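Worksheet: one structure, shown below.
The values are calculated or read from the model by the stated rules, or taken from the named source; none is laboratory data. Quick caveat: nothing in here was measured; it's all calculated off a predicted structure. Every residue, glycine among them, receives a Cβ derived from its backbone with ideal geometry; neighbour counts consider all protein chains shown.
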């Protein structure tokens, strides 16, 4: 019996095309505005993970002619609100888009975050108004990770059918991705930690998206022969960074796999920058077309 | 072989309990505020269907000590905006909640509607901010039809499992219901007109919610033995009002059925009034607790 080879997704190659579009937008921005587009990255939690991701965004920004401002926010003394402090720094930076690193520390409420990142500067699509637009089916930015999965799925061009099983129910992955896919005529099942008989659900879908952070749980018994597996999970283990999928085990059974690292990750960073440029250009054009 | 009897849901009995709670809230409102709660129903489209539903809401309001204001909005002359006209009438009525009848006529945009019905007066949960809260998993009002289905499903108390298949992807039924159910640990599949092999999806779920408006399409071949069928469809035919389900055919195979009429419909009206009182009381208490 011949061993079937799974098609291995290359996140770097895929994101190159996105980056080219972004670079085009950022050059157009420069031509119109006479300066580089400015992206403010606010980091209130300041975890070491945030620092790593922050650095990779700044590096990406440099390549794309985007000026990134990394704003560290210290915890305010006593009961003081961090709002005035952040707004002060933003006033100086005059950003064309804002990223607020998550998760938020306890001293910044979701309502504060919404105030700091208004809908028209919201690169991540997590302002409540933008979430409402997504819910209502209106055109809007959706969270980059969900968007990355969406773009990868759309690139499959129906070869794995239109049935998608998503193992994640958060507001940054499962929920927005489900709604975006439903809009595009996919039939979507949303699963989570409390799902009864998860295997039964995942093995029925032509496309499985998993984002649990449970290292390598998804083995070949979870998928049907020839299915596409989009792996959003990323966990640091003793043997290195791994995803939700048991890669060696599903190799051969899956028809398509996004590896970890090098799969959804780089696409997400590229999409984030593209989404930033999309809203930055939109505001510029709204002004020109007034 | 014995014929299995399907449990028939009684929407009138179910909604009686909801109405009692609403009446309690409206009396409490009167005690605190010294006047009855006021509900404004804005009807810009003025279809005959709207008139019928409008009358039933006013009748329901009378029973629940809620004052309903029915505001007919004529199409404005030329390019004039109807906003000022509606706001003028609302200023007089001073409502504690607003219902904007849908669908909107072409001369009222979704943005206008959002402006007329601010989030804190939004009885129907369709203001973009409230939709965003629903998306983000925050506590908020959800559209009454979705809420009615949710309450009925919750009343089944897990007897039909936790797998729900919803045949509808609109922002007033399928989407908010899916998110609300996911929040409550149900595993949800959202289907629609473009779903491939719909029967396969519906027949796998313990609970099927259908809201297509396709009269009597859902026959026994669509459901598994003993499944619960929540029928949101309502179509006027020559032989009377029917739902999405082929009632005689699924009788005996289904374990639980909501009939049409007399099922989801009356529950929806009751929920709408309860949701109105919930936001009216909330505003009152926010003021008292200032």
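For residues that are over 15 Å from the mean Cα position of the chain (by Cα) and more than 13 Å from chain A (Cβ to nearest Cβ), scanning just the stretch B:120-144, find the one that is nearest to residue B:45 (Cα to Cα).
My answer is B:121.
Yes or no: residue A:117 more than 12 Å from every other protein chain (Cβ to nearest Cβ), out of contact with any helix residue (DSSP H, G or I) (no Cβ under 8 Å at 6 or more places or on another chain), touching a residue at least 12 places away in the same chain (Cβ under 8 Å) and surrounded by 19 or more Cβ atoms within 10 Å (Cβ to Cβ)? Can you show your working first?
Details: more than 12 Å from every other protein chain (Cβ to nearest Cβ): yes; out of contact with any helix residue (DSSP H, G or I) (no Cβ under 8 Å at 6 or more places or on another chain): yes; touching a residue at least 12 places away in the same chain (Cβ under 8 Å): yes; surrounded by 19 or more Cβ atoms within 10 Å (Cβ to Cβ): yes.
So residue A:117 passes the test.
Answer yes or no: is there a residue in the stretch A:81-101 that is part of a loop (DSSP other than H, G, I, E, B), more than 22 Å from residue A:26 (Cβ to Cβ) and free of Cβ contacts under 8 Å to residues at least 12 places away in the same chain.
Among the residues of the stretch A:81-101, not one is part of a loop (DSSP other than H, G, I, E, B), more than 22 Å from residue A:26 (Cβ to Cβ) and free of Cβ contacts under 8 Å to residues at least 12 places away in the same chain, which makes the answer no.
Condition first: under 26 Å from residue B:198 (Cα atoms), assigned by TED's automatic domain parsing to the domain that holds residue A:149 and modelled with pLDDT of 95 or more. Can you find one or more residues in the stretch A:241-249 that meet it? Give the derivation first.
First, the residues of the stretch A:241-249 that are under 26 Å from residue B:198 (Cα atoms): none.
No.
Which one of these is closer than 20 Å to residue A:131 by Cβ and away from chain B (no Cβ under 14 Å): A:173, A:232, A:241? Steps first, please.
Values: A:173 fails: away from chain B (no Cβ under 14 Å); A:241 fails: closer than 20 Å to residue A:131 by Cβ.
Testing whether each residue is closer than 20 Å to residue A:131 by Cβ and away from chain B (no Cβ under 14 Å) leaves just A:232.
Within the stretch B:135-158, track down each residue that is touching a residue at least 60 places away in the same chain (Cβ under 8 Å) and under 21 Å from residue B:227 (Cβ atoms).
Correct list: B:145, B:148, B:149, B:151, B:152, B:153, B:155, B:156.
When only residues in the stretch B:188-205 that are in a loop (DSSP other than H, G, I, E, B) and in contact with a helix residue (DSSP H, G or I) (Cβ under 9 Å, 6 or more places away or on another chain) count, which is nearest to the other protein chains (Cβ to nearest Cβ)? So that I can check it myself, show each step before the final result.
Residues of the stretch B:188-205 that are in a loop (DSSP other than H, G, I, E, B), as a first pass: B:192-197, B:203-205.
Narrowing further to those that are in contact with a helix residue (DSSP H, G or I) (Cβ under 9 Å, 6 or more places away or on another chain): B:192, B:195, B:203-204.
Working: B:192: 7, B:195: 4, B:203: 12, B:204: 8 Å.
Restricting to residues being in a loop (DSSP other than H, G, I, E, B) and in contact with a helix residue (DSSP H, G or I) (Cβ under 9 Å, 6 or more places away or on another chain), the top hit is B:195.
Of the residues A:157, A:163, which single one is away from chain B (no Cβ under 12 Å) and under 30 Å from residue A:255 (Cβ atoms)?
A:157
A quick yes/no check of all residues on (1) buried (at least 22 other Cβ atoms within 10 Å of the Cβ); (2) over 22 Å from residue A:188 (Cβ atoms); (3) touching a strand residue (DSSP E or B) at 6+ places or on another chain (Cβ under 9 Å); (4) assigned by TED's automatic domain parsing to the domain that holds residue B:39:
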residue	(1), (2), (3), (4)
B:93	no, yes, yes, yes
B:101	yes, yes, yes, yes
B:127	yes, yes, no, no
B:155	no, yes, no, no
B:168	yes, no, yes, no
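Test residue B:110 against the stated conditions and say whether it is without any contact (Cβ under 8 Å) to a residue 40 or more places away in the chain and under 30 Å from residue A:141 (Cβ atoms).
Numbers: without any contact (Cβ under 8 Å) to a residue 40 or more places away in the chain: yes; under 30 Å from residue A:141 (Cβ atoms): yes.
Judged against the criteria, residue B:110 is a match.
Restricting attention to the stretch A:42-75, which residues are assigned to a strand (DSSP E or B) and either surrounded by fewer than 16 Cβ atoms within 10 Å (Cβ to Cβ) or modelled with pLDDT under 95 (or both)?
Filtering the stretch A:42-75 down to residues assigned to a strand (DSSP E or B) leaves A:42-43, A:67-72.
Answer for the stretch A:42-75, where residues must be assigned to a strand (DSSP E or B) and either surrounded by fewer than 16 Cβ atoms within 10 Å (Cβ to Cβ) or modelled with pLDDT under 95 (or both): A:42, A:43, A:69, A:70, A:71, A:72.
Do we have any residue at all in the stretch A:133-153 that's surrounded by 21 or more Cβ atoms within 10 Å (Cβ to Cβ) and within 23 Å of residue B:163 (Cα to Cα)?
There is at least one residue in the stretch A:133-153 that is surrounded by 21 or more Cβ atoms within 10 Å (Cβ to Cβ) and within 23 Å of residue B:163 (Cα to Cα).
Matching residues to (1) crowded, with 18+ Cβ neighbours inside 10 Å; (2) assigned by TED's automatic domain parsing to the domain that holds residue A:158; (3) part of a helix (DSSP H, G or I):
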residue: A:216; (1), (2), (3): yes, yes, no
residue: A:225; (1), (2), (3): no, yes, no
residue: A:233; (1), (2), (3): yes, yes, no
residue: A:252; (1), (2), (3): no, yes, no
residue: A:272; (1), (2), (3): yes, no, yes
residue: A:278; (1), (2), (3): no, no, yes
residue: A:282; (1), (2), (3): no, no, yes
